[in-house]
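> Got a structure for you, written out below as structure tokens; questions coming shortly.
The values are calculated or read from the model by the stated rules, or taken from the named source; none is laboratory data. Remember, predicted model here, so these are calculated numbers, not experimental data. Cβ placement follows ideal geometry from the backbone for every residue including glycine, while neighbour counts extend to all protein chains displayed. Keep in mind that these areas ignore ligands, DNA and RNA; they rest on the heavy atoms of the full protein, side chains included. Shrake-Rupley method; radii C 1.70, N 1.55, O 1.52, S 1.80 Å.
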Amino acid sequence: MIRYFSRIYRVSKALLQGMGVTFCWLFKPAITVQYPDEKLTPAERFRGALTFDKETCTACLLCVKACPTACITLEPATDSVTKKRLAKVSWYQIDFGKCNYCRLCEEACPTKPIKSVRHTHDYEWGMKQRSDMFVKWRREQKKEETQLEKTA
Ligand code: SF4
Ligand code: SF4
């Protein structure tokens, strides 16, 4: 009998404590963001989707070496005549299925003033298939680059 009433007491006490917390929050302003109608501004160093600038990249491979998940692959551009490697990229690919958004690639990238590979504030993107997670940037090789190599 004593156990029965002590149980009722404990349950009632827990219920009232819970209701007390709810009651306290009743008069505080709501902080729920009505996404997607309302959006918060991400912090300055927020690590969103990566973007790549194919024109400034020097194909130095530092980002490839820094990446802990080996999700970056690239091919340096080569002179079509001499077959020498150029300080430009032919294509650059990130496998976002393996990327952990650690920023190590961006920190390793030496290009200034803006890093060729860098995080954006974009968090609103999704992929429906595994193949969509491979994002590739291609760069068209310019004729002058071949000419420069020839005269060098
Ligand atoms: S953010 Fe990290 S895991 Fe993703 S590509 Fe860069 S180094 Fe690799
Ligand atoms: S993105 Fe930056 S670190 Fe990576 S190859 Fe290009 S210049 Fe080098």
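> Relative contact order for region 50-141: what percent, with Cα pairs under 8 Å and sequence separation of 6 or more?
36
> Note the full-extension length gain between Thr51 and Glu107 as 0.36 nm times their separation in residues minus their Cα-Cα distance, in nm to one decimal.
Length difference between fully extended and current span is 18.8 nm.
> Taking 0.36 nm per intervening residue step and subtracting the Cα-Cα distance, what contour gain separates Trp91 from Leu40 on full extension?
So the chain would gain 14.9 nm between Trp91 and Leu40.
> If you place +1 on the Cβ of every Lys and Arg and -1 on the Cβ of every Asp and Glu, how big does the dipole about the Cα centre of the chain come out, in debye to the nearest 20?
Computed about the Cα centre, the dipole is about 680 debye.
> Okay, moving on. Strictly over 18 Å apart at the Cα level, which of Lys88/Lys115; Lys83/Lys142; Lys54/Lys115; Lys39/Lys128 would you flag in this model?
The answer is Lys39/Lys128.
> Considering only protein heavy atoms, what per residue accessible area in square angstrom results for region 1-145 with a 1.4 angstrom probe?
On a per-residue basis, 75 Å².
> Now a separate question. Rounded to a whole number, what % of the accessible area of region 50-141 do carbon and sulfur atoms account for, probe 1.4 Å?
In region 50-141, the share of accessible area belonging to carbon and sulfur is 54 percent.
> Express the C-alpha Rg of the chain as a ratio against the empirical globular expectation 2.2 N^0.38 Å, rounded to two decimals.
Its radius of gyration relative to the 2.2 N^0.38 Å reference: 1.83.
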